[in-house]
Amino acid sequence: MAGPISRSRRRLERRAAIRHTVNPDHRCPLTATVGSGSWPVQVGDISTSGISFTLPQRIEPESVLNLSLTNTAQLFSRVLILRAIHVRENEEGLYVVGAQFSRELTYDELRSLLA
């Protein structure tokens, strides 16, 4: 009989989509809007199903956000609805948000953001 699966391993197994790390030098301006607030964000990684990014403002898990994704070099822009799955404060005092898109990005959309 197999033993219990660790919590971190279960988290990894739930991710069906491959995550792509975004180069910090990559200039893809992003803006998150929650209620009446709007903040620039720094993307950590992105997949067709979700995104990890930092915000200067804390939000609650389960918050619904509008995220404006733009890659001016590719003439690509999308506003996506997402739900915050987890939020934690990092050592710099920013908030790392892991979020799920309300709809999956297509491969072409993802490629346009990462190009």
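What follows draws every value from the coordinates through simple rules; no lab data is involved. Predicted model only: the values in this text are computed from it and were never measured. Don't worry about glycine lacking a Cβ; one is built from the backbone with ideal geometry, like all the others, and counts go over all protein chains shown.
So the values come out like this:
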{"read-out": "Ranking of 64, 43 by count of other Cβ atoms within 10 Å, fewest first", "value": "64, 43"}
{"read-out": "Ascending count of other beta-carbon atoms within 10 Å, so fewest first, for 107, 95", "value": "107, 95"}
{"read-out": "Placed amide H near residue 22: partners under 5 Å, 5+ positions off or other chain", "value": "45, 46"}
{"read-out": "Spacing of the two label points (7 Å from each Cα toward its C-beta) at residue 66 and residue 102, in nm", "value": "1.0 nm"}
{"read-out": "For 83, 88, order by how many other beta-carbon atoms lie within 10 Å, fewest first", "value": "88, 83"}
